[in-house]
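Remarks on the structure that follows.
The values are calculated or read from the model by the stated rules, or taken from the named source; none is laboratory data. Note that this is a predicted model, so its numbers are computed, not measured. We place every Cβ from the backbone using ideal geometry, glycine too, and count neighbours over all the protein chains shown.
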Amino acid sequence: MAIPSPFLPPATIGVLGGGQLGRMLALEARRSGYRVVIFTNEAPGCPAGQVADVEINADYADAAALQRFLDQVDVVTAEFENIPDACLQAVEKKRPLRPSRDAIYTTQHREREKLFLHEQGIACAEFRIVEDLAGLERAVAELGRPCVIKTAAFGYDGKGQCKVNADTDLTQAWQPFEGHHAVVEQWVPFVCEVSVVGARSIDGSTAVHGCVENIHEHHILDVTIAPARVSPAVIQQALDLWNAVATGLNYVGTMAVEMFVTAEEKVLVNEIAPRPHNSGHYTIDTCRTSQFGQQMRAVCGLPLGDASAHTPAVMINLLGDVWPSETQHPDWSPVLKHPSAKLHLYGKELAKWRRKMGHFTVLGSTVDEALNDARRIQVTLGTRTA
Ligand code: AMP
């Protein structure tokens, strides 16, 4: 199959979604001379729209607005996966969509994602698809307790999940899922969580940033440690799993795979993100080509860049909880005065509880040095006790 010609600057990249991932892609792409048009159902002035050439604010079902978007762009990507399928299909009819509608459709829905992993023989926690209370009872009997119920559609950051413990009443646990499909998953007593972020181009070549370690608080990513403090055997499994997912999806673009590591050093896929990922933000400051640089390159059909990191790093998420009030910023001086800390803010007007408002990355000559410095900055910011 002939490889289509690349889209070179000043071509226009269309982005579905207006959040921080679109913002960081737009900043990267505009630096290289691309034009960026954002299509989002958010209000005007969204994080990506603030830094794009054009922002279109409309519902994803608004055919006229979508046509206006498509008329202005050469190639389209998505910065989040929860985009109605009809919109993805309409886009793919008119412009190259990278990653494809198929890859987004599979990974935007937990049931389809799990079935894909199962079909491909990719290691993940044992699961059952459940449609009603009787199905839940069967699944829990087969999988054992603890296990976890997750909504099939549109869940993220632990939203739409319920852990089934030894004493959990199943009738009650099923209530929020009534009328919907859910995935019931065996509980994985993991020793750590890792992820791999990388890119795959239209000719099938790949470049990954390596395996990083993630610490979550309340199901939301809190800290990423790069590289992960795990054995070479774990790293190899993680990289192999990323490759298997990318190949299985015939993926084009930047993609993240989140994984669990068990005490026996077995690595299991938890989730696939068909886009750059929060655990890849450190790449902006440490890698020769960031996850957003790779996304731009893959989406535009350019050769991928060197994804390697020149230094260890630790990334700390800044949630709205850190802001003294919805509109008053914290005093950033503890981050800004550290010579190798980088502050990234997403331009969100209102700081809401647990809303991802920004992050900072601390570089170090070793992971321990970066982690110690990052923790010290957190203490001074008041987001962590000493
Ligand atoms: P998810 O939204 O599926 O990525 O889940 C959010 C977080 O919940 C994960 O990062 C884990 O910390 C935890 N979690 C989810 N599923 C499981 C599981 N099967 N076993 C243990 N912990 C889990």
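Quick one: ASP62 ticks every box in (1) more than 24 Å from MET259 (Cα to Cα); (2) acidic (Asp, Glu); (3) crowded, with 16+ Cβ neighbours inside 10 Å; (4) touching a residue at least 40 places away in the same chain (Cβ under 8 Å) bar one, so which box is it?
(4)
Could you run through region 242-263 and say how many residues are within 16 Å of the ligand (Cβ to nearest atom), aliphatic (A, V, I, L, M) and under 16 Å from the mean Cα position of the chain (by Cα)?
Matching residues across region 242-263 total 5.
Would you please list the contacts, defined by Cβ atoms under 9 Å and residues six or more apart or on different chains, that run from a residue in region 295-306 that is farther than 15 Å from HIS209 by Cα to a residue that is at pLDDT below 95?
GLY301/ILE3; GLY301/PRO4; GLY301/SER5
Could you tell me whether THR12 is on the phi < 0 side of the Ramachandran plot and surrounded by 24 or more Cβ atoms within 10 Å (Cβ to Cβ)? Can you show your working first?
On the way: on the phi < 0 side of the Ramachandran plot: yes; surrounded by 24 or more Cβ atoms within 10 Å (Cβ to Cβ): no.
Against the criterion (on the phi < 0 side of the Ramachandran plot and surrounded by 24 or more Cβ atoms within 10 Å (Cβ to Cβ)), THR12 does not qualify.
Between SER279, SER231, SER290, which is assigned by TED's automatic domain parsing to the domain that holds VAL194, out of contact with any Leu (no Cβ under 7 Å at 6 or more places or on another chain) and buried (at least 20 other Cβ atoms within 10 Å of the Cβ)?
Numbers: SER279 fails: out of contact with any Leu (no Cβ under 7 Å at 6 or more places or on another chain); SER231 fails: buried (at least 20 other Cβ atoms within 10 Å of the Cβ).
Unique residue meeting the criteria: SER290.
Let me spell it out: the conditions are (1) closer than 24 Å to ASP222 by Cβ; (2) away from the ligand (no atom under 16 Å from the Cβ); (3) out of contact with any helix residue (DSSP H, G or I) (no Cβ under 6 Å at 6 or more places or on another chain); (4) touching a residue at least 40 places away in the same chain (Cβ under 8 Å), and GLN291 meets all of them except one. Which number is the exception?
Only one criterion in (1) closer than 24 Å to ASP222 by Cβ; (2) away from the ligand (no atom under 16 Å from the Cβ); (3) out of contact with any helix residue (DSSP H, G or I) (no Cβ under 6 Å at 6 or more places or on another chain); (4) touching a residue at least 40 places away in the same chain (Cβ under 8 Å) is unmet by GLN291, namely (3).
When ALA238 is evaluated against the numbered criteria (1) in a loop (DSSP other than H, G, I, E, B); (2) of a type in the set (Gly, Ala, Ser); (3) within 15 Å of the ligand (Cβ to nearest atom); (4) closer than 20 Å to GLN291 by Cβ, which criterion, by number, is the only one it fails?
Just one mismatch for ALA238, condition (1).
Kindly evaluate PRO227 against the criterion of being in contact with a strand residue (DSSP E or B) (Cβ under 7 Å, 6 or more places away or on another chain) and either away from the ligand (no atom under 13 Å from the Cβ) or at positive phi (or both).
Values: in contact with a strand residue (DSSP E or B) (Cβ under 7 Å, 6 or more places away or on another chain): yes; either away from the ligand (no atom under 13 Å from the Cβ) or at positive phi (or both): yes.
Considered against the rule, which asks whether it is in contact with a strand residue (DSSP E or B) (Cβ under 7 Å, 6 or more places away or on another chain) and either away from the ligand (no atom under 13 Å from the Cβ) or at positive phi (or both), PRO227 comes out as yes.
Can you name every residue in region 141-153 that is more than 11 Å from the ligand (Cβ to nearest atom), closer than 26 Å to THR107 by Cβ and among the hydrophobic types (A, V, I, L, M, F, W, C)? Even if it seems obvious, please write down each step before you answer.
If we filter region 141-153 for residues that are more than 11 Å from the ligand (Cβ to nearest atom), which is where we start, we get 141-142, 144-145, 152-153.
Filter once more, keeping what is closer than 26 Å to THR107 by Cβ: 142, 152-153.
ALA152, ALA153, listed by residue number.
Filter region 352-375 down to the residues that are without any contact (Cβ under 8 Å) to a residue 24 or more places away in the chain and of a type outside the set (Asp, Glu) and list them by number.
ASN372, ARG375
So for region 169-181 (the condition being surrounded by 12 or more Cβ atoms within 10 Å (Cβ to Cβ), in contact (Cβ under 8 Å) with a residue 24 or more places away in the chain, within 13 Å of the ligand (Cβ to nearest atom) and not aliphatic (A, V, I, L, M)), does at least one residue qualify?
Within region 169-181, none of the residues are surrounded by 12 or more Cβ atoms within 10 Å (Cβ to Cβ), in contact (Cβ under 8 Å) with a residue 24 or more places away in the chain, within 13 Å of the ligand (Cβ to nearest atom) and not aliphatic (A, V, I, L, M).
Mind counting the residues in region 192-217 that are touching a residue at least 24 places away in the same chain (Cβ under 8 Å), of a type outside the set (Gly, Ala, Ser) and more than 11 Å from the ligand (Cβ to nearest atom)?
Selection size over region 192-217: 10.
In region 121-144, how many residues are exposed (fewer than 15 other Cβ atoms within 10 Å of the Cβ) and either under 19 Å from LEU239 (Cα atoms) or of a type in the set (Phe, Trp, Tyr) (or both)?
Residues meeting the conditions: 1.
Hey, PHE127 hits all of (1) more than 23 Å from LEU249 (Cα to Cα); (2) near the ligand (Cβ under 10 Å from one of its atoms) but one; which does it fall short on?
Exception for PHE127: condition (1).
Any residue in region 205-214 that is assigned by TED's automatic domain parsing to the domain that holds PRO274, of a type in the set (Ser, Thr, Tyr), buried (at least 19 other Cβ atoms within 10 Å of the Cβ) and at pLDDT 95 or above?
Of the residues in region 205-214, the ones assigned by TED's automatic domain parsing to the domain that holds PRO274 are 205-214.
Of the ones still in play, those that are also of a type in the set (Ser, Thr, Tyr) are 205-206.
Narrowing the set further to residues that are buried (at least 19 other Cβ atoms within 10 Å of the Cβ) leaves 206.
Within this subset, residues satisfying the condition of being at pLDDT 95 or above are 206.
Yes.
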